[in-house]
Amino acid sequence: MHPFVYASIGGALVGVAAVMMMGLKGRIAGVSGILSGSFSETSHERLWRVLFILGVFLGGAIPPLVSSDFKPPEPDASTLLIVAGGLLVGLGTGLGSGCTSGHGICGISRLSPRSILATCTFMAAGFACVFLLRHGFGA
């Protein structure tokens, strides 16, 4: 299967999950907030949060199950750089009061000015980082 098909299916599933979260729980499907709340909320709130995060991880197991020729993408960065990037993204979600799923998917679809600004900001920062890593530092 073509990678575009996998991406399209994944995007559709993210959209369905966001709509279901809003319809069933009345909440925004912001993954960073769901993850952090799974460590601090009461047991009733913790259960659905843990199940949601588990579903995110299990969703990554689907492509190899449906296609024997699936090959996951190979990162072209060191493990240290990937871990540092992940930690910086986590810091950014705290500073920005949300993540790409909360602001970029759910916030923009609700025409939230705050989410539109946050999404433009983290996209611009991402573009700048890629440009600097690929062209500015000779990588």
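Among the residues of the stretch 87-117, those that are within 20 Å of Met21 (Cα to Cα) and in a helix (DSSP H, G or I) comprise Thr93, Thr100, Ser101, Gly102, His103, Gly104, Ile105, Cys106, Gly107, Ile108, Ser109, Ser115. Of all residues in the stretch 16-26, those being under 18 Å from Ile62 (Cβ atoms) and surrounded by fewer than 14 Cβ atoms within 10 Å (Cβ to Cβ) number 2. Residues that are assigned to a helix (DSSP H, G or I), aliphatic (A, V, I, L, M) and either over 28 Å from Ser67 (Cα atoms) or at pLDDT below 85 (or both) within the stretch 15-37 comprise Met21, Met22, Leu24, Val31, Ile34, Leu35, listed in sequence order. Within the set Gly96, Gly59, Gly86, the sole residue that is of a type in the set (Gly, Ala, Ser), out of contact with any Phe, Trp or Tyr (no Cβ under 6 Å at 6 or more places or on another chain), at pLDDT below 80 and surrounded by 10 or more Cβ atoms within 10 Å (Cβ to Cβ) turns out to be Gly96. Among the residues of this structure, Ser101 does not count as one that is at pLDDT 85 or above and surrounded by 14 or more Cβ atoms within 10 Å (Cβ to Cβ).
Condition check ((1) part of a helix (DSSP H, G or I); (2) among the polar types (S, T, N, Q); (3) without any contact (Cβ under 8 Å) to a residue 24 or more places away in the chain; (4) surrounded by fewer than 13 Cβ atoms within 10 Å (Cβ to Cβ)) across all residues:
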| residue | (1), (2), (3), (4) |
| --- | --- |
| Pro64 | yes, no, yes, yes |
| Phe70 | no, no, no, no |
| Glu74 | no, no, yes, yes |
| Met123 | yes, no, yes, yes |
| Phe127 | yes, no, yes, yes |
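The values are calculated or read from the model by the stated rules, or taken from the named source; none is laboratory data. Quick caveat: nothing in here was measured; it's all calculated off a predicted structure. Every residue, glycine as well, gets a Cβ built from its backbone with ideal geometry; the counts of neighbours run over all protein chains shown.
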